[in-house]
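Okay, structure first, notes after.
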Protein chains: 2
Amino acid sequence: MSADCYGAPERQRMMFTLYGDKVSGNCLKVMWVADLLGHAYHWIDVDVVTGEAKSPDFLAKFPMGQVPAADFGDGRRLAQSNALMLYLAEGSALIPADDFARAQMLQWLFWEQYSHEPAIAVRRFQMFYLGKPENEIDPALTTRGQAALDQMQRHLAGQGWFVGDGLTCADIGLVAYTRVAHEGGFDLAQWPAVQAWVGRVEQALGMKG
Amino acid sequence: MSADCYGAPERQRMMFTLYGDKVSGNCLKVMWVADLLGHAYHWIDVDVVTGEAKSPDFLAKFPMGQVPAADFGDGRRLAQSNALMLYLAEGSALIPADDFARAQMLQWLFWEQYSHEPAIAVRRFQMFYLGKPENEIDPALTTRGQAALDQMQRHLAGQGWFVGDGLTCADIGLVAYTRVAHEGGFDLAQWPAVQAWVGRVEQALGMKG
């Protein structure tokens, strides 16, 4: 699929500066949506491992001190990966037209930030980027990460996408850290419906074939 | 202000069953929005202290195993406090009409679930409901909670509401645990702009006067 399948006819394509780190799935989510919809952005690297988002310069622009963050150049600045994705995707097929389907998409995105990312992304960050040995990692991160993957497996056993019958922001938000869950010690072979869905989302995002 | 200020002309008032626990700010958020907008709901208590949301019966209906959760009676079921609030509020003044203002509202709601609730609500739950002595509480909860209140103080020092010039779902989402932060050991007198804003939101929700 190409960007043309998703391009937003109802609004202008946007131009902005996107601050992020490509090791961060939260940042990649926003980049993928921008690429898919043909928004134009200038990427500026902010190193999350050394805590560059907590520097006085960055905090003066973005008080939340986190990436991704976008500057639209006219005073509009926005942070939080899922809020950014949804803003860029307004008017496109990545946001369902039906109001209940939109609510389901938001349900999964809020669940992702509360129950998925704080376990799966954090465990990966500690193992893969900080090089923490597995026996020093809080076992609660493992249990919570497995529970999140179980939840996704149950849902995806019955349907191909998180909401409705095609790619939405819910899939993009959830795939960001799920596709690299092995870097946090989670073997997706144990969650086959999740593994198959990761392949579908990657294909829709143009990562394969 | 009354519900009529916020009532949603573009859609029917809804009827649903709302599962929740009144000790949970996440559940109260949804109840406040429903009350303000005149939606009709039947409330069913689910005890979060004893973990009733993890019972097989509840999980069969709501696999995420969390409250609040709503059953609209026609197969539509939805969980996650902020997704529920936003669904109930569609078409009302609680959601800004401008797309960037909507994105800012979502930014604060995602921030609330990631950076505010897991510190302030969790510390309160441990102190107030589980009776944990303060010296047994993870000091990171204190630091993170203070940082969240600092963030809110900086924002509210310059404006009366989180987004735009009136009450939105961002305020309702954020006030739920902020107004009871003292039960988690945070004295709001240290964050005067936050304290004043809590009063404004409570008044808008009809809690005072």
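The values are calculated or read from the model by the stated rules, or taken from the named source; none is laboratory data. Computed from a predicted model, the values in this text were never measured in an experiment. All Cβ positions, glycine included, derive from the backbone under ideal geometry; neighbour counts span all protein chains shown. Each accessible area value is taken on the protein alone, full model and side chains, heavy atoms only, with ligands, DNA and RNA left out. Shrake-Rupley method; radii C 1.70, N 1.55, O 1.52, S 1.80 Å.
Using a 1.4 Å probe on the protein chains only, how many percent of the accessible area of the protein assembly as shown belongs to carbon and sulfur? Of all accessible area on the protein assembly as shown, carbon and sulfur atoms account for 51 percent. Beta bridges per DSSP, both residues in chain B: antiparallel share near 50 percent. For segment B:110-125, accessible area lost to neighbouring protein chains reaches 50 Å² or more, against the chain alone with a 1.4 Å probe, at B:PHE110, B:GLN113, B:TYR114. Here the Kirkwood formula puts the hydrodynamic radius of chain A at 17.7 Å, using every distinct Cα pair. Here the 3J(HN,Hα) profile of segment A:112-124, calculated from phi with Karplus coefficients 6.51, -1.76 and 1.60 at θ = phi - 60°, is 4, 6, 9, 10, 10, 4, x, 9, 6, 5, 5, 4, 4 Hz, Gly and Pro shown as x.
Summed over both chains, the contact between A and B buries some 2900 Å² of accessible surface at a probe radius of 1.4 Å. Taking amide H atoms as placed 1.01 Å from N in the peptide plane, the amide H of B:TRP43 lies under 5 Å from those of B:LEU18, each 5 or more residues away in sequence or on another chain. The string of couplings for segment A:17-23 from the Karplus curve (6.51, -1.76, 1.60, θ = phi - 60°) is 9, 10, 8, x, 9, 6, 7 Hz, one whole number per residue in order, with x for Gly and Pro.
Accessible surface area normalised per residue over the protein assembly as shown is 41 Å², counting heavy atoms of protein chains with a 1.4 Å rolling probe. Centroid-to-centroid, using Cα positions, segment A:72-131 and segment B:103-140 are 20 Å apart. Assign one of three labels to the protein assembly as shown, namely rounded, prolate or oblate, based on the Cα gyration tensor with a ≥ b ≥ c the square roots of its eigenvalues; rounded applies when a/c is under 1.5, prolate when it is not and a/b is larger than b/c, and oblate otherwise. Because its axes are fairly even, with a/c under 1.5, the protein assembly as shown counts as rounded.
Here the dipole of the protein assembly as shown is about 20 debye; that uses its Cα centre as origin and unit charges on the Cβ of Lys and Arg (positive) and Asp and Glu (negative).
For segment B:55-148, the gyration tensor built on C-alpha atoms gives an oblate shape. Its axis ratio a/c (a ≥ b ≥ c) is at least 1.5, and a/b is not larger than b/c.
Of the listed pairs A:LYS54/B:LYS54; A:LYS29/A:LYS54; A:LYS61/B:LYS61, which have alpha-carbon separations greater than 32 Å here? With Cα atoms farther than 32 Å apart: A:LYS54/B:LYS54; A:LYS61/B:LYS61. The mean number of partner chain beta-carbon atoms within 10 angstrom of a residue's beta-carbon across peptide B:98-109 is 6. Stokes-Einstein, applied to the Kirkwood radius of segment A:3-89 over Cα pairs at a viscosity of 0.890 mPa s and 25 °C, places its translational diffusion at 188 µm² s⁻¹.
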